[in-house]
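Undergrad: A single structure is presented below for examination.
The values are calculated or read from the model by the stated rules, or taken from the named source; none is laboratory data. From a predicted model like this one, the values you see are computed outputs, not experimental measurements. Positions of Cβ are generated from backbone atoms using ideal geometry, with glycine treated the same way; all protein chains shown enter the neighbour counts.
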C-alpha cells in the first residue's frame with residue numbers, strides 16, 4: 001500500500017532525540033512545506049541547495065535568535081519519508097528545543113504523532129510494513145540478537161522471503177484466472193502437478209516461518225526463569241552468583257526470602273529475567289512466608305524455564321522423580337540443579353547423574369556456573385539465533401502466517417481432489433490476501449494507526 005491517506009499532506013515536526021539535557025538535540029521536520037517553513041527562519045535559502053548537505057547558521061523567529069544550528073537537508077524523494085526532510089541539530093537545552101518547535105508550529109508545522117515519520121515512509125513506498133515494524137524493533141533492541149534480527153528485517157530479510165512466496169503464487173493465480181476466461185474451451189494453462197509441488201514448497205516455507213516464532217519471541221522479549229526449590233537450597237546465593245553481585249539477602253535461616261526478586265542478565269545475547277522465589281514447603285505457620293510460597297508457585301507456572309535447585313545432601317532420586325513428574329504434567333520446561341556439590345557428595349552425584357537435564361554446581365563457590373548458563377541458553381533457544389534464516393518476532397506476522405498456512409493447505413487439498421479452477425482461484429486469493437496483510441499491500445487506516453502508535457514520537 002502506498003499513497004497518502006486523508007490528512008497526510010501537511011508538514012510535521014518532532015524532537016528526534018530523547019527528552020532531557022544533552023550536548024545536542026535533533027528536531028526533525030517532514031512534508032511538502034518543510035523547506036519553505038525553514039527558509040522563513042534560516043539564514044540560507046535551502047531550496048537552492050543540493051540534497052544531502054549540511055548548513056550552519058542562525059535560526060530565528062522574527063528578530064529573535066533561537067540558536068546557532070546545523071541543518072541537514074534531504075530533498076524528496078531521496079529521504080527517509082520520501083518527502084522533503086530537514087533535521088535541525090541544535091544545542092541540547094530542553095528550553096531551546098521547545099522554543100524551536102514552537103516557532104516551527106507558528107510557521108505552519110504541526111506536532112507529529114507517534115511513528116508518523118516511519119508511517120509516511122511506508123505510505124510513500126520507501127518501506128513495506130514489515131520493514132517499518134522492524135524500525136521499532138531496532139529502537140527497542142537490547143541485545144545483539146534482537147538488534148541483528150531487526151537490521152536484517154529492515155534490509156528486507158523477512159520481506160524478501162514473503163515476496164518470493166507471493167510472486168510464485170501470483171504467477172499460478174494468473175494462469176488459473178486465464179483458464180476461467182477460456183472456460184468454454186476446456187483448456188488448462190496451469191500445470192496442476194507443478195502447482196501442487198509449488199504449494200507444498202510454500203507450505204514448508206510458511207511453516208518454517210511459523211516455527212521460528214518461538215525463537216523470535218526469545219530474541220525479542222527474553223526468557224523468564226523462575227528459580228524454585230525448598231528453603232535453604234541456595235536460591236538467593238545462586239541469583240547473586242549469576243548476577244555477580246549481592247542482590248538477594250542470604251542466610252542460613254530457612255524462609256529468609258519472603259517475596260520474589262527479579263533481575264535481568266544477558267547470556268550469549270539472550271536476556272534472562274531471573275526470579276528468585278520464596279522456598280517452597282508444604283507447611284508453614286508464617287502468614288507472610290505462606291504468601292511468598294503462593295507467589296513462587298504462580299511464578300513457576302508463568303515461567304518459560306524453571307530452575308529447580310536442591311541441596312544434594314538432602315535429596316534422593318525419589319524426590320527428583322516426584323518433582324520432574326509434576327513438571328512434565330504441567331508441561332513446564334525445567335533444569336534440575338544440584339547445589340553444594342563441593343561438599344563430600346561424590347556418591348550422591350554418581351547416583352543422580354543419569355537423570356535427564358541435571359547439573360551439579362556450587363552457587364557459593366561459583367562452581368560449574370558457566371555450565372549452568374550454557375544449559376539455560378540451550379533450553380531456552382530452540383535454534384541458532386545467529387544464523388541467516390529469517391526469524392519471525394512479531395505476533396501480527398505470526399497470526400497472519402497461520403492463516404496463510406491454512407489457505408495453502410486448502411489449495412493443496414483442492415488440487416489433490418481436482419477441484420475446479422474457480423474454487424482454486426478463491427483459495428489462492430485468500431492466501432494472497434494474508435500475504436498482503438503482512439507486508440502492507442492490504443491494510444486500512446485504523447490498522448496502520450494501531451501499528452505506528454507503538455513507535456516513539458520523532459521516528
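Undergrad: Which of the following residues is touching a strand residue (DSSP E or B) at 6+ places or on another chain (Cβ under 7 Å) and assigned to a loop (DSSP other than H, G, I, E, B): 349, 359, 355?
TA: Just a single option satisfies the conditions, and that option is 355.
Undergrad: Against the condition under 30 Å from residue 334 (Cβ atoms), modelled with pLDDT of 75 or more, in the same structural domain as residue 176 (by TED's automatic domain parsing) and not in a loop (DSSP other than H, G, I, E, B), how does residue 429 come out, does it pass?
TA: So residue 429 does not fit the description; no.
Undergrad: Let me ask something else. Tell me whether the stretch 157-178 contains one or more residues that are in a loop (DSSP other than H, G, I, E, B) and at pLDDT below 75.
TA: no
Undergrad: Among what's in the stretch 437-455 and is part of a loop (DSSP other than H, G, I, E, B) and loosely packed, with under 14 Cβ neighbours inside 10 Å, pick the residue that is modelled with the highest pLDDT.
TA: 453
Undergrad: Only residues that are free of Cβ contacts under 8 Å to residues at least 40 places away in the same chain and either touching a helix residue (DSSP H, G or I) at 6+ places or on another chain (Cβ under 7 Å) or under 14 Å from residue 103 (Cβ atoms) (or both): list them for the stretch 32-54, please.
TA: 39, 42, 45, 47
Undergrad: Checking residue 29 against (1) within 24 Å of residue 159 (Cβ to Cβ); (2) surrounded by 22 or more Cβ atoms within 10 Å (Cβ to Cβ); (3) in contact with a helix residue (DSSP H, G or I) (Cβ under 7 Å, 6 or more places away or on another chain): exactly one of these is not met. Which one?
TA: Here residue 29 clears every test but (1).
Undergrad: Restricted to the stretch 194-207, and to residues that are surrounded by fewer than 18 Cβ atoms within 10 Å (Cβ to Cβ) and in contact (Cβ under 8 Å) with a residue 60 or more places away in the chain, which residue is nearest to residue 274 (Cα to Cα)?
TA: 207
Undergrad: Any idea how many residues of the stretch 401-413 are surrounded by 20 or more Cβ atoms within 10 Å (Cβ to Cβ) and either over 15 Å from residue 191 (Cβ atoms) or in contact with a strand residue (DSSP E or B) (Cβ under 8 Å, 6 or more places away or on another chain) (or both)?
TA: The qualifying residues number 4.
Undergrad: Same structure, new question: Step by step: first the residues of the stretch 332-343, then only those that are in contact with a helix residue (DSSP H, G or I) (Cβ under 9 Å, 6 or more places away or on another chain) and not in a strand (DSSP E or B), then the one that is nearest to residue 359 (Cα to Cα). Which residue is that?
TA: 341
Undergrad: A further question follows. Is it the case that the stretch 404-412 has a residue that's within 16 Å of residue 159 (Cα to Cα) and under 29 Å from the mean Cα position of the chain (by Cα)?
TA: yes
Undergrad: Would you point out which residue out of 275, 265 is buried (at least 23 other Cβ atoms within 10 Å of the Cβ), at pLDDT 80 or above, closer than 30 Å to residue 146 by Cβ and in the same structural domain as residue 305 (by TED's automatic domain parsing)?
TA: Just a single option satisfies the conditions, and that option is 275.
Undergrad: On the given criteria, is residue 59 more than 27 Å from residue 449 (Cα to Cα), surrounded by 13 or more Cβ atoms within 10 Å (Cβ to Cβ) and touching a helix residue (DSSP H, G or I) at 6+ places or on another chain (Cβ under 6 Å)?
TA: no
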